[in-house]
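Presented below is the structure to which this report refers.
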């Protein structure tokens, strides 16, 4: 083994963390907890882990949270934690979508920094209200568009920003899955149930669940905003209430063009998020399922395979990397990068009292943009693909 | 080496072939000639290989055509060949696009079978006229949508038809290249010059040159017709007169959905034609640059890699295969399959005097459909993506 | 996201952990610490992190270890920790190779369970002495042949054991790297310096550093012991004291045959550990740099790509998996599986007082076997490839 | 489509070709015929296509050879063809191995140039006799180590020769198949029957059939001769008379090291010939099943994917290429390159009367070397892996 470029461990002053959602039967809660532990920057001290009060308490105790801080609901949690000396500094919100807004609002109002799952809210009205509250309270806010935490995504973004691709012309992004090819939601599978239920998921199905990830990634890497879009949403599985296949044409600023496809009914695809960015001088390609590689073609030269921590990777990737080249990092490490970035911001905030909600971790702006994207695709699709400005 | 499933060689009664276009400096002419030779079904006996008379004659003699049948132009060729005892039975038309129609028309009217490059014509009016002429004369007609000649494309088509994928829901097809990322047409490069010139190429640039290939492949494999489309064509290179990037949303019959992307400005792509077809019961993926492989996923099972002549390949592939599994076939073999299929049809026609313009070789219907596709995308794009019925 | 098969978090009763080695400038220490944290089964409470006393203490404090348990050397650590009430239960030894034996011996003698880096020792004499000590004291002992912690390696092992491949005939294993293609050890690079120094690394260079990993993996998956081997070691870089290229022919029990190649001078290879196992009824292929995939071919059928947590993966993989299919896990997660397996064993030992040093975590037997492999390859190579019995 | 670098067609003065072997039920005969036709440099005029006289005649007539030159056996063919005005100039020998020598000898003695399948002969004694005869008669002789005809193999060879890799250190070559995993020879399958029969195949089974290909490729690309080898041959299938798994350690000149593995019992492998070459300054990797790609890593830089006819390919590849980048060529095109190279040599010989049996087509030296390789591996294996000088 060779290089020593790993992210630094900084044990001292671990940040006090709480969690809402993510109890028994959830998937994403455990991911957030591993992400928080990975670099030893947080200690999880409080939680309201489920909507049902007893399950909320039990779930918290089960994973080692002190009974005194295992809350039956988020309201009791915010009340208590904001009134004790060593109350939590950051809360992670990992509930179904419809609870993101009320929970986030409550903790923001209490002056507690927030890490919130995507989508930020189920309407742009709520998203705007949250933005006002955050501004008023001066707290930090991250939205876990976690794919932007992958080292080679950071590398791609840096290459675009440094001009290695020249002016960007085309962005092709897609996120196909196959797990909802049948009516899984009718079998009692929890994840399927809430993600296909408009009450809990909001107005977007596939577009909200994974389309937003693709959309955020396109902007994050290309450094371009989408100005307008034309969408065709469809639901293939009978009686499904929300879309399960999403096709969108995109017009970015500077006349760049793009396409976005997201699907939950494409057999053979697990989480096949993939992005390709083409500029006047070169092209890039990255795939989430093989995240340690970034294909780069300088126009007129052979394709190159840049690897995480390999000789072609730059500072942006190095800053998000723990181990040497050829030893793959994965989804959890990318997720953990969001947590570590946020920990940096929280630490800076503590010492400077200034608010530096800078990239690279995805923040409120990404969250708001994602909500608008969902609304615009639905609107466009209902109007037979009319171009809608974002 | 193991299996013996190769296509049969049938030397006897080689078909008399002529060619129009494909002289010095051309690319596709040599491809057609190799394709015609591959299985020894044709002998090339006559040609008018260039638009400039002397070059036409010289080019023909240079490749071994008898001087008496090296013609200065196609009109002299058709006149003479249709009046000699052993005149050509089939003509290959490999000129720039704008000449496809007049040349094809002339040979059809003389009762000679035609293999014509795509697109069939530069307007649907011309295409319709050709259709009438063909019907009247009762000749055979192939259009070299050559990618449909690949064994694993045939395999994919057969799997869809046999119901292995169930009802088709989504078709994603793309054909990116990078060779026109700069204004190559201004450097004197011949291929770039005529392909970006509306006079020679017709109204479509990228959409006509490669978009039509993608479109034909989608229909060939999915067994579905596109009912309507919404397109966004764009030209990124300054002063380029035709589109060089093509984005289309597709609605197929039976409510299947699709997207098509073709581009000539995507660095890192050579001829990256790729198609993915998803049905209720499974998914398929094929890439032209790795044509001996077909990915197949039966829903709920691991992905399988079916190989040409391998254990998972069926009769459709076997009928288009010459050598054992693991020994790759390529572009020329796929092209040759069109020629061999057509030779079968010509032989059948000779013995039965009946006209069996059946698949699997692409014929007049594909040609007409391709011209309509070009016109529809241009129309939709000019109307800001309005859905246009095909 | 779909399945919920993640490894369980078990916060309660976290195991008290100490570490020897792994201070500033080391690579593998941080890896062990992340691995220990991943599933929240350990708390790191004591350390002697470097050979130089002051650096040892500073390094420990820097990563948050209490100053009272930041020791200047391992001897002081073992003395103190074995005499306090809440002394460490497990020690991780992550020093250069030559210190594995004395440090492990000291902790074993004090009745503390050990997780030790590979190779276990620099001679089979020392390895045997350690074995006796472990037996006498009844402690648990893991050797971090960490690649055996990857879920798809566990899957491969399970498939072989269940008979899906039939009788195993051929095992091909390789581990090429390129980082020592030049005399990096002469530039002051720490990792290169000790790994190419016989005093610190022991008698094997490449063979000890990575060849042993390949060897262990071959046995772990194939369920076969190597009976004899013929080796050709070579050192390509001038003045390098230890081998940097290793070629070995292997004869396994049951007449299976194999080859092993390890190299540190193969440009284009980062950590390209790869294994292929062929039996009468099928074949398997796995690559460390793409660890979420396992290629499986049942003889006479298409190749299948089994994915971690995907539909073709069984219980062995599921037990070593945290997140859904299509979300890649990597090196750290595989490493953490060894730690979690060991935590299970330690917990079982605490409650039952019985010693169940069972697979799947690699233990003393793997460690001893690795040392014998190093010695046998060196002996064979010195005798011009004579077959040496293991 | 872009570049115009295709191999030139040269129709005039097609070379008169005959064939021995390759009749009904054979595989490789059809391959040779397609290869001969591909670039229109030969006309097949005579044949003795089978060992059984009537089948020999029928097979020839069936593929269009004039009845007067459809011979019942090769002796009649050589007698007649060498005594007519327009007798064949070149003969292709595509019989089972044991007939290569007598047939080649007869045609060489008649002053006819020879293209002979590998292995050249079943003993080095015969090979030496053939060498003498060729020298005496001054004819040209090719041995169809056809993999050296692939454009990217030529590219690799050129890169090594130009010094881009620096001094070569390691060569890893392998050729696994799976088609003989069971006792196919007992089912009446012709190919299996003769290839596992010592009388027809000679003393080597897998080693002669595919091991020699791997061996030739290693030398062709690395530009190094093997000085000695240590081999372990094995036969896994019960009652099989010849080896079906071959493991060899190689020592090249200049102290380069290598390994060779060939197998016919490795499920999941079709014709997975693959070579990797590592030098002081860089590494190369090529795989026969994906022949249009060449991986190249300059030490310290990202891996590059050089494509046939792409921007990174040089003159050696261009000279063996027919169509633009991204349109794959395959096995038949590579094979055809040997035929075209040989046609160049024959044409040069006709005009200059001088003998220029130069590379890049594989010739008598490759043939002799291959026979020695077979004998050396068998000898080494019988002596328990003793190193044998070549």
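Observations, loosely collected:
- Extent along principal axes [Cα atoms of the protein assembly as shown; Å; largest to smallest]: 105, 80, 52
- Virtual spin-label span in nm between residue C:67 and residue D:58, 7 Å along Cα→Cβ: 9.9
- GNM top mover of C:105, C:257, C:157 - chain C, alpha-carbon springs below 10 Å: C:257
- Considering only the stretch C:15-139, percent of DSSP beta bridges that pair antiparallel, nearest 5: 0
- Spin-label pair residue D:109/residue B:280, simplified geometry with 7 Å Cα→Cβ offset, distance in nm: 7.3
- DSSP bridge orientation in chain C - percent antiparallel, rounded to nearest 5: 60
- For chain C, built as a Gaussian network whose Cα springs stay under 10 Å, the top-fluctuating residue of C:93, C:28, C:115: C:28
- Alpha-carbon centroids, the stretch B:172-236 and the stretch B:22-72: separation in whole Å: 26
- Directionally averaged projected area (convex hull, Cα atoms, the stretch D:220-328), nm²: 9.4
- With both labels modelled 7 Å from their Cα along Cα-to-Cβ, the residue D:223 to residue B:350 distance reads 5.2 nm.
- Working note: 222 nm ellipticity from helices only, DSSP H runs with n ≥ 4, each -39,500 (n - 2.57), summed and divided by the residues of chain B, gives -10000 deg cm²/dmol to the nearest 500.
- Bridges between two residues of the protein assembly as shown, per DSSP, are antiparallel at a rate of about 60%.
- Among D:296, D:236, D:342, the largest mean-square fluctuation in a Gaussian network model of chain D, built with springs joining Cα atoms closer than 10 Å, belongs to D:236.
- Three principal axis extents of the stretch C:15-139 based on alpha-carbon atoms, in descending order, are 37, 31, 29 Å.
- Alpha-carbon centroid distance for the pair the stretch C:266-313 / the stretch D:128-171, whole angstrom: 34
- Those residues of the stretch C:224-249 whose amide nitrogen sits under 19 Å from the label point placed on residue C:193, 7 Å along Cα→Cβ: C:239-242
Read-outs: derived from the displayed coordinates by stated rules, not from any lab. Keep in mind that this is a model prediction, so the values were computed, not measured. So basically every Cβ, Gly included, is an ideal-geometry build from the backbone, and we count neighbours across all protein chains shown.
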